[in-house]
Structures are given as C-alpha cells and as structure tokens.
1. Once you have a ≥ b ≥ c as the square roots of the Cα gyration tensor eigenvalues for region 208-303, tell me rounded if a/c is under 1.5, and otherwise prolate or oblate according to whether a/b is larger than b/c.
2. Ordered by packing density, taken as the mean number of other Cβ atoms within 10 Å over each peptide's residues, highest first, how do 242-251, 71-80 rank?
3. Below 8 Å between Cα atoms, with a sequence gap of 6+, how large is the relative contact order for region 208-303 in percent?
4. Using 0.36 nm per residue, how much length does the chain from S64 to Q111 gain when fully extended, once their Cα-Cα distance is taken away?
5. Per-residue HN-Hα couplings for region 59-72, Karplus 6.51 cos²θ - 1.76 cosθ + 1.60 at θ = phi - 60°, whole Hz, x for Gly and Pro?
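The numbers here are math on the coordinates, done by the rules we state, and not lab data. Everything quoted here is computed from the prediction, not taken from an experiment. FYI the Cβ positions are ideal-geometry reconstructions off the backbone, even for glycines, and counts take in every protein chain you see.
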Amino acid sequence: MSNVTAWWTKAALVLTLAQLAQDGLAQPGAPVRRSVSLQTIEQKISMLEKLLGQSSVAARVLASGSEQAQRHLGAARELAVRARSLSAVGELPRADALLNEAIWEIGRAQQLVPDSGVRRVADRARYMQLEDSVAALRRTSEIGQPAAGPGAEPLAGVVAQADVHVQRAVGLAAAERYSEANQELDLALMLLMKEASSRLAGQTLVYGTRFANRREEFDHELERHRSFERLVPLALAELRPAPEAVAVVQRHVARARELRERGEAVAGRDLAAAIGHVVDGTYALRSALQASGLVVPQTMGGQ
C-alpha cells in the first residue's frame, strides 16, 4: 500500500506541475482550456480517485480533526464527481478545469495537515534556531550586572533556571522529541531575555500581570516595552546580522519608538488608547529582534 501511495503522490505532483507549467490551471477560477485529450482527463480522474481514497494525504486529513482541511478534501471530491459527469458527455475542457481545481483543493488540504516527517523537519529547524538564540543570550550573562534591589530574585538564579530548561531540551532533542524540546527552549529563552533586560537596566524582575487600575497596567506595558527595547542593541552586537537585516531592525525600532511616544502623549487623557499604542510598539520591537536573528519565545508575547 505504501508503494502505491508513494507512486500516486508522485504522479499527482508531476501532473500538477506539468499542468501549471503549461497553462497555470491548477487553481480556482482558472480559464477553461480550449482543447484537452480524453486520455489526460482519464489520467487525472484516476489519480484523484487514488489521492482521495487510498492516499496517506486523505487518511491524514480525515484523522486530523481539521474542519478546514476536511472541507478542502470534500470540495475536491465534489469537483471530481462533477468532472467525471462532464467527461462522460464530452465536455472535456470544462472537466479538465474542474479536475485542476480538485488538485488545488487537495494541495490546500495537505498544507493544512502536513505529515509527521514535514513536522519533524520544521520542529528540528526551529530547535536549531532556538538553540542559537539561547546560546547567544547565555554568553551575555557573563557581562557584569548591577546589584539587585532588596527582595529581588538573584539574576544568577534566573540563569540557573534557564539552564535547567536547556538541559531538558537537550535530552528531549536526543530522543528526537523536538516539539517538546522547543517548549523547553522557549521557556529558557524567555528567562534569559528577562535576565538580560533586567541586568542592562539594573532593575529587578517583575512577573505579576494583575493590575489595580489602568495606570498600573500602562506602567507595566511601558516597562515591558523598554525591556524589549534594551534587548535590540544586545542582539545586534551578539548576532551581527547582515546590513540588510540591520536596516529592517532599524525600521521596526523607529516604528516602535513612534508608537511608544504616541502612547505616552495620550496617557494623560486616554489610558486605554495609550496602552494599545505601547503594546503595538512592543510587537514592533519583537519584529526587530526577530529580524536581527534572535528567536523570540512564543510564550513571551503577552507577558
């Protein structure tokens, strides 16, 4: 069965690419071809029947629980049935157009539910990116730090916590459990980014996100914004991105500064709007860090 599936999957790709190269029809709304042979129609119908009934793509979509992917697969089935009916009465160009749409629908379903091999490759690539970012920030922890204030959590303790997550990630990656390893590296990176920002500012770490009022929330978001802002020159110095990337970083930083200043300007009369501007500015700084080559942990977005 696996050999049959592999053959038909390759056949689907070959036919689809050939069709695209010829007249770009494998997409919705494409024009109807003026002429097409019955043999081509029969080949496509046979291919679609295999893809819809016996392929790993169909099985994966049905087992995924993804309603969107299943809708694309259902649409492909309906289009194939209609194409067969048109072919039976000699409407070959119209049948061909519907078959191309069906192929497109299957392609969309497959993109929404990638196979485990594709996911593993993506997870492993992200692991390597996270690993580099953690290593870069970990090196900066050797920089001298100001004394923490009374009651502050020692920054060295934060680095130690990050190291625990890194060690867990290394063990998970060795077992090829990259998705779980990435979660651990996300946590490590979040801690190291907070440590670096606090170290550069000489301030203590703040974890709470409950606010007594809008002013307190604004102050928190403003400090969070400045934390990301302090990380940008650190990332540029450590990762040394290409000049083109530096230009992108600078654009994001300029946009972030504009939004922060806008928020500060309206804070006296509209704190809700001010918070929104500052948060938008923080997202611009996140984009700047990512453009520099630093992977921003997914768990840090709304903290």
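1. It is prolate, given that a/c is not under 1.5 and a/b is the larger ratio.
2. On the way: 242-251: 13.3, 71-80: 19.6.
Per-residue Cβ counts within 10 Å, averaged per peptide and sorted highest first, yield 71-80, 242-251.
3. It rounds to 38 percent for region 208-303.
4. Values: separation 47, 0.36 × 47 = 16.92 nm, distance 1.23 nm.
Roughly 15.7 nm would be gained on extension.
5. 4, 5, 5, 5, 7, 6, x, 7, 5, 5, 5, 5, 5, 5
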